[in-house]
1. For the range 190-197, does any single residue satisfy the condition of being touching a strand residue (DSSP E or B) at 6+ places or on another chain (Cβ under 7 Å) and farther than 21 Å from T140 by Cα?
2. Just to be sure I understand the filter: pairs with C-beta atoms under 7 Å, separated by 6 or more residues or on different chains, first member in the range 170-188 and under 13 Å from P271 (Cβ atoms) and in contact (Cβ under 8 Å) with a residue 40 or more places away in the chain, second member small (G, A, S) and open to solvent by 20 Å² or more (accessible area, probe 1.4 Å). Which pairs pass?
3. Residue check: is Q270 outside any strand (DSSP E or B), touching a residue at least 60 places away in the same chain (Cβ under 8 Å) and open to solvent by less than 50 Å² (accessible area, probe 1.4 Å)?
4. From L246, L241, L213, grab the single residue that is part of a helix (DSSP H, G or I) and among the aliphatic types (A, V, I, L, M).
5. Search the range 29-65 for residues being closer than 10 Å to L91 by Cβ and over 26 Å from the mean Cα position of the chain (by Cα), and hand back the single one that is least open to solvent (accessible area, probe 1.4 Å).
Amino acid sequence: MSDNCPICDDAPGHHWLWRNDRLRVIDARDAEHPAFLRVIWNGHVREMTDLADADRDHLMHVVWQVERCVREIAQPDKINLGSLGNIVPHLHWHVVARWQDDAHFPGSIWSAKQRDGTPRPRVPAALWRATLLARLGLPTVAISDALTGAYEASDYAVALPEGETTVHVGAPSPALDRWLTTQKTACWALLCAANPWSARCDDDANRAAHTALRALLAQRGLPLLDAENRTTEAGWTEASLLCAGLTADEALRIGAAFGQNAVLTGDAGQPAVLRWCVHRVAG
């Protein structure tokens, strides 16, 4: 950590796509550069040769995997890689998709504009995360004892056709079991898309993420119920969805793709289980 370094002070949020204990990948996109990711070394280090050999190899392995993800998703004409640090002397790599009709091509993205760039759709953050997960595995996230306790103590309210029921970690739910019987399935998962990495995002961002999660689950043709995660002491509520027929492994992958620390899963007649979508380290 270094005083007055905006990269050191970078806080978790919707722009974090993947991280471990040594580095993080963030979403650096803007309107003119819709496929722009940045790989940031967590420690305040100025130069690549300041890193130990193993750390340098690890950093570059992640950069190459991020490049593969950008190529796979964005299908650009060219990839630009850059590590500058002239203004912010904190080691980070830019991975930028380029097209011949973008605003700055063939110059760098920091050069004078050559034209009005051709608009391109914004790829959802969940797709970036899912692709990074496939290549790099589950992220590593600092989880405090207090946050773990909040997850375990939360009320998970589910809007069943017969009325609302509340599911708790470690307890069965007879009301939910009865509904599962009508759906001819025994497994369920409750997922959320709001506030990735448990960092508050604005309402518009949370609504957009929730809509994307609903669309993804609806594509599978599985029964869905509206739900809400409630933490009484913190006064924190988040919209969520309960999906019947979704396995625990599928729920973990989807939860991680939406930047969630954990999902709640269960089987008929069995206690609800809190499953972590991340590798936890002490926060």
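1. Going residue by residue through the range 190-197, those that are touching a strand residue (DSSP E or B) at 6+ places or on another chain (Cβ under 7 Å) are 190-192, 194-197.
Okay, now just the ones that are also farther than 21 Å from T140 by Cα, so 190.
Looking through the range 190-197, at least one residue is touching a strand residue (DSSP E or B) at 6+ places or on another chain (Cβ under 7 Å) and farther than 21 Å from T140 by Cα.
2. P172/G269; D177/A268; D177/G269
3. No.
4. On the way: L246 fails: part of a helix (DSSP H, G or I); L241 fails: part of a helix (DSSP H, G or I).
Checking each option against the conditions leaves just L213.
5. L51
The values are calculated or read from the model by the stated rules, or taken from the named source; none is laboratory data. Since this is a predicted model, take the numbers as computed values, not measurements. Cβ coordinates were reconstructed from backbone atoms using ideal geometry, including for glycine residues, and neighbour counts include every protein chain displayed. When the accessible area is computed, the model is the full protein with side chains, heavy atoms only, and any ligands, DNA or RNA have been set aside. Shrake-Rupley method; radii C 1.70, N 1.55, O 1.52, S 1.80 Å.
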